[in-house]
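Notes follow once the structure below has been shown.
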Amino acid sequence: MDDRHHHEIAKWERRWIALSGLMTLSFVILIAYSLATEGAHIAQSAARGNPQTLLQQAMFTDPGVRVVGPNQLQVSLVGQAFVWVPETIRVPQGAEVEFYLTARDVIHGWQVENTNLNVEVIPGEVSRLRASFDDLGTYRVTCNEYCGIGHQNMIGWIEVVPASQWAVETAAGEVMADASGAVDGESVYAANCASCHGPAGAGIAGAFPPLAGHAADIAVTDGGREYLVDAMLYGLMGPIVVDGVSYNGVMPAWAQLSDADIAAVLDHIVGLGGPAADPFTVEEVAAQRGRGLSAADVLAIRQQVLP
Ligand code: HEC
Ligand SMILES: [Cu+2]
């Protein structure tokens, strides 16, 4: 092989290397582009465990649509041979929807036609997926993983309706009633409050004020409900007296809890050791958000409400 020939080959080699490099690069760019512009929906596993235990969670014993914040919905769904439960889901246009999916029996595939929503639904696993529907209309949901003899009949629907229409329908009862019943104030309390105020809300004299009976007293005073919401959202700091006992501690803010969680936990503490009062609403909590108060401001509000 003479030297000229050798150069010829090396030249072609370099071209092929450059070409394959370019192809790889263009694939990476395509993926990055679709992630950035098409809003990729990558499902996350939100929980894993015993399929039966997962299915006993309130979310799945009563699957469906829940309001978890302003314009935020949670939708839970169970796939089973050969239906999606619930079969029809109705959401407002443009809302942020978080889907939680699990399966009762075998693996199913949840695919919403004409969207890029597509996730495997597995017994013993909860898949989480965020979405928002900008176009009105009805989307067909199919199962894209063969699950048995009735597989092709496993069809559901997502109806996207104008937000105003949806709000009227929810005010009319159904969905909103579902929503307020959905969050369990007792578990929000157990997870966030019991460590200081005690499991039954008895408190610890001198350190953490009691809530049983006391929260109910606050709720019936003028401005008391707003004060309770403020104490949740912004915390409380400084000297207070409850049932003749002084406290001078710090209660952290709970703004990271959703409006629905805060409403539910307030229902729980107001109901401790007394008959339940009017339930707190998500709107009541939302109305106090964004006021930018400090824990010391909340103390000043308390001094007006509970002189
Ligand atoms: C880290 C301990 C701690 C946790 C957790 C905690 N609190 Fe408190 N909480 C306090 C303290 C301390 C005070 C009194 C603050 C003061 O002395 O100014 C207080 C005060 C309150 C008050 C006001 C009582 C009054 O007389 O005005 C309410 C209502 C309340 N907490 C509810 C809750 C709820 C509901 C949760 C759970 C979401 C919770 N707390 C979690 C420590 C805590
Ligand atoms: Cu299926």
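The values are calculated or read from the model by the stated rules, or taken from the named source; none is laboratory data. As the structure is a prediction and not an experimental result, all values here were calculated from the model. Every residue, glycine as well, gets a Cβ built from its backbone with ideal geometry; the counts of neighbours run over all protein chains shown. Quick note on the areas: whole protein, heavy atoms, side chains included, nothing else; ligands and nucleic acids left out. Shrake-Rupley method; radii C 1.70, N 1.55, O 1.52, S 1.80 Å.
Mean projection of the Cα convex hull over all viewing directions, computed for the chain: 25.4 nm².
Most simply put, the chain has about 70% antiparallel DSSP beta bridges, counting only bridges with both residues inside it. For the chain, find the longest principal axis of its Cα atoms and tell me its angle to the long axis of helix 295-305, 0 to 90°, nearest 10. Approximately 40 degrees, to the nearest 10. Along its first, second and third principal axes, ordered by size, the stretch 44-180 spans 40, 30, 24 Å in Cα coordinates.
Each label point was placed 7 Å from the Cα along the Cα-to-Cβ direction; for Thr24 and Ala47 their separation is 4.3 nm.
Can you list the chymotrypsin sites (Phe, Trp or Tyr not before Pro) in the stretch 224-302 that are in a DSSP coil and have 16 or fewer other beta carbons within 10 angstrom? Walk me through the intermediate numbers first.
Details: sites: Tyr227, Tyr234, Tyr247, Trp254, Phe280; in loops: Trp254, Phe280.
In loop regions of the stretch 224-302 (DSSP not H, G, I, E or B), there are no sparsely surrounded chymotrypsin sites (Phe, Trp or Tyr not before Pro).
Between the Cα long axis of helix 259-271 and the first principal axis of the chain there is an angle of about 30°, rounded to the nearest 10. Could you state the angle between the C-alpha long axis of helix 3-37 and the longest principal axis of the C-alpha atoms of the chain, as a value from 0 to 90 degrees rounded to the nearest 10? Between the helix axis and the principal axis of the chain, the angle is about 30 degrees. Normalised per residue, the accessible area of the chain is 54 Å², obtained with a 1.4 Å probe and no contribution from ligands, DNA or RNA.
Run the helix sum for the chain: -39,500 (n - 2.57) per DSSP H stretch of 4+ residues, divided by residue count, reported at 222 nm to the nearest 500 deg cm²/dmol. Let's see the in-between values first.
Working: 12 runs with 123 residues, N = 307.
Computed mean residue ellipticity for the chain: -12000 deg cm²/dmol.
Under the simplified labelling scheme, the Trp16-Ser164 pair shows an inter-label distance of 6.6 nm, with each label point 7 Å from Cα along Cα→Cβ.
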